[in-house]
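Student: This is the structure, below, for whatever I ask next.
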Amino acid sequence: MMPPEAPLTSVVMVTYHTGEVLERAIAAVLGSTASVELVLVNNGNPPDVELKLAARAKTEPRMVWLSSHGNVGFATACNLGAKAAKGKYLLLLNPDGLLKPNTIDRLLTHMRESDLKQPAMIGARLLDEQGRDQRGSRRALLTPLSASIEALRMHRLFPRLRLNLHEEPIPASIAPIPAISGAFMFLCAKDYWAIGGYDEGYFLHVEDLDLCLRFRRAGGEIYFAPDIAMTHVGGTSEATSTFLEICKAKGFTRYFLNNFSSPRDIPLLTFLLPAIWLRAALKCVGWRLRHK
């Protein structure tokens, strides 16, 4: 067990028709060996699931249940959870992420003992259920150039400009990384709010890359902790592919227009933004044809 003086960590988890894995994710958080509270934000679940979770929160003092606001989007829901949180630290965690009991202990140890530049944000290895590293846990900075290279599948010619770095060798110890996944983000609550939390103009997707960029531009450093791993089940939401593709396209458009508007970026954006929407349209058409 952590010593009594260990700071409280608030785990903020947003759920939307997550499915049976949600129970496993909740149990894993509450099974932590560190001092935790779980702030569960209900963006929409079947009525029987909502009733069950609300009843559980009434009998579990470490659980905060936020509901009745509808599906306000992932970014806004995370901010609602963070506002209700009492902990010194926040762990923004996907509802299909399964923590190990000592995960938060390890995160706190890194914050105290790893000589990290402050303010610091820490990400972990995200593994699928077969133990393979997933895309997104380690990322380069998303720029118009890196996005264009990914879109044109030219990353083999320009490996240093690749967005997803999960195939790179795993570092021996905690190391700086340009960006991490919103599925697992650990940072001090005051540092989260120092940059205004998530940009609520994003509904779903890309808000994590935007947060990483703003965190770094505000003087913070982001770290990847290879000794911390989380099983990320993934693919549990009932949202349709069409809806997700539109959210992605909107998110990427907002990200680039908000963060890359200098004259040198305009030529690439002239190509990139139409390509983003063309890709989304083709994905939506393909999904509809498959589900006729």
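Student: Take the residues in region 17-29 that are small (Gly, Ala, Ser) and in a helix (DSSP H, G or I), then tell me which one is most open to solvent (accessible area, probe 1.4 Å).
Tutor: So the first thing to find is which residues in region 17-29 are small (Gly, Ala, Ser), and the list is 19, 25, 27-28.
Filter again for in a helix (DSSP H, G or I), leaving 25, 27-28.
Working: ALA25: 0, ALA27: 55, ALA28: 19 Å².
Among those that are small (Gly, Ala, Ser) and in a helix (DSSP H, G or I), it is ALA27.
Student: Identify the residue in region 139-148 that is of a type outside the set (Ser, Thr, Tyr) and open to solvent by less than 10 Å² (accessible area, probe 1.4 Å) and, among all such residues, is farthest from SER261 (Cα to Cα).
Tutor: Checking each candidate, the answer is LEU142.
Student: I would also like to ask the following. Can you pull out the residues in region 158-211 that are part of a loop (DSSP other than H, G, I, E, B), among the aromatic types (Phe, Trp, Tyr) and surrounded by 22 or more Cβ atoms within 10 Å (Cβ to Cβ)? Can you show your working first?
Tutor: The initial filter retains those residues of region 158-211 that are part of a loop (DSSP other than H, G, I, E, B), namely 158, 162-163, 165-174, 177-178, 180-183, 195-206.
Filter once more, so that each one left must be among the aromatic types (Phe, Trp, Tyr): 158, 198, 202-203.
Within region 158-211, TYR198, TYR202 meet the criteria.
Student: Keeping to region 106-121, report how many residues are touching a Gly at 6+ places or on another chain (Cβ under 9 Å) and either exposed (fewer than 14 other Cβ atoms within 10 Å of the Cβ) or part of a helix (DSSP H, G or I) (or both). Can you show your working first?
Tutor: Quick first cut of region 106-121, residues touching a Gly at 6+ places or on another chain (Cβ under 9 Å) only: 117-121.
Then drop every residue that is not either exposed (fewer than 14 other Cβ atoms within 10 Å of the Cβ) or part of a helix (DSSP H, G or I) (or both), which leaves 117-118.
Qualifying residue count, region 106-121: 2.
Student: Further question on the same structure: Need the failing condition index for SER148 against (1) touching a residue at least 24 places away in the same chain (Cβ under 8 Å); (2) more than 23 Å from LYS190 (Cβ to Cβ); (3) not aliphatic (A, V, I, L, M); (4) not in a helix (DSSP H, G or I), just the number.
Tutor: Here SER148 clears every test but (4).
Student: Just for region 30-59: of the residues that are under 14 Å from ASN71 (Cβ atoms) and open to solvent by 40 Å² or more (accessible area, probe 1.4 Å), which one is modelled with the lowest pLDDT?
Tutor: Residues of region 30-59 under 14 Å from ASN71 (Cβ atoms): 41-46, 50.
Now drop any that are not open to solvent by 40 Å² or more (accessible area, probe 1.4 Å), which leaves 46, 50.
Values: PRO46: 90, GLU50: 95.
Here the residue is PRO46.
Student: Do you know which residues across region 255-272 are within 18 Å of ASP199 (Cβ to Cβ), open to solvent by less than 90 Å² (accessible area, probe 1.4 Å) and either assigned to a helix (DSSP H, G or I) or touching a residue at least 12 places away in the same chain (Cβ under 8 Å) (or both)? Give the derivation first.
Tutor: Restricting attention to region 255-272, the residues satisfying the condition of being within 18 Å of ASP199 (Cβ to Cβ) are 255-261.
Add one more test, that the residue is open to solvent by less than 90 Å² (accessible area, probe 1.4 Å), and what stays is 255-256, 258-261.
Answer for region 255-272, where residues must be within 18 Å of ASP199 (Cβ to Cβ), open to solvent by less than 90 Å² (accessible area, probe 1.4 Å) and either assigned to a helix (DSSP H, G or I) or touching a residue at least 12 places away in the same chain (Cβ under 8 Å) (or both): TYR255, PHE256, ASN258, ASN259, PHE260.
Student: Another question, then. If PHE252 meets every condition in (1) in contact with a helix residue (DSSP H, G or I) (Cβ under 7 Å, 6 or more places away or on another chain); (2) more than 21 Å from LEU163 (Cα to Cα); (3) not in a strand (DSSP E or B) apart from one, which number is that one?
Tutor: (2)
Student: Checking VAL14 against (1) of a type outside the set (S, T, N, Q); (2) open to solvent by 40 Å² or more (accessible area, probe 1.4 Å); (3) within 21 Å of ILE122 (Cα to Cα): exactly one of these is not met. Which one?
Tutor: (2)
Student: Mind listing whichever residues of region 217-232 are open to solvent by 10 Å² or more (accessible area, probe 1.4 Å), assigned to a strand (DSSP E or B) and not polar (S, T, N, Q)? Even if it seems obvious, please write down each step before you answer.
Tutor: From region 217-232, those open to solvent by 10 Å² or more (accessible area, probe 1.4 Å) are 217-219, 221, 223, 226-227, 229, 231-232; that's our starting set.
Next, from what is left, pick out any that are assigned to a strand (DSSP E or B): 221, 223, 226-227, 229, 231-232.
Of everything in region 217-232, those that are open to solvent by 10 Å² or more (accessible area, probe 1.4 Å), assigned to a strand (DSSP E or B) and not polar (S, T, N, Q) turn out to be GLU221, TYR223, PRO226, ASP227, ALA229, HIS232.
The values are calculated or read from the model by the stated rules, or taken from the named source; none is laboratory data. Just so it is clear, the structure is predicted and the values come from calculations on it, not from any experiment. Note that we place each Cβ from the backbone using ideal geometry, even for glycine, and neighbour counts take in every protein chain shown. When the accessible area is computed, the model is the full protein with side chains, heavy atoms only, and any ligands, DNA or RNA have been set aside. Shrake-Rupley method; radii C 1.70, N 1.55, O 1.52, S 1.80 Å.
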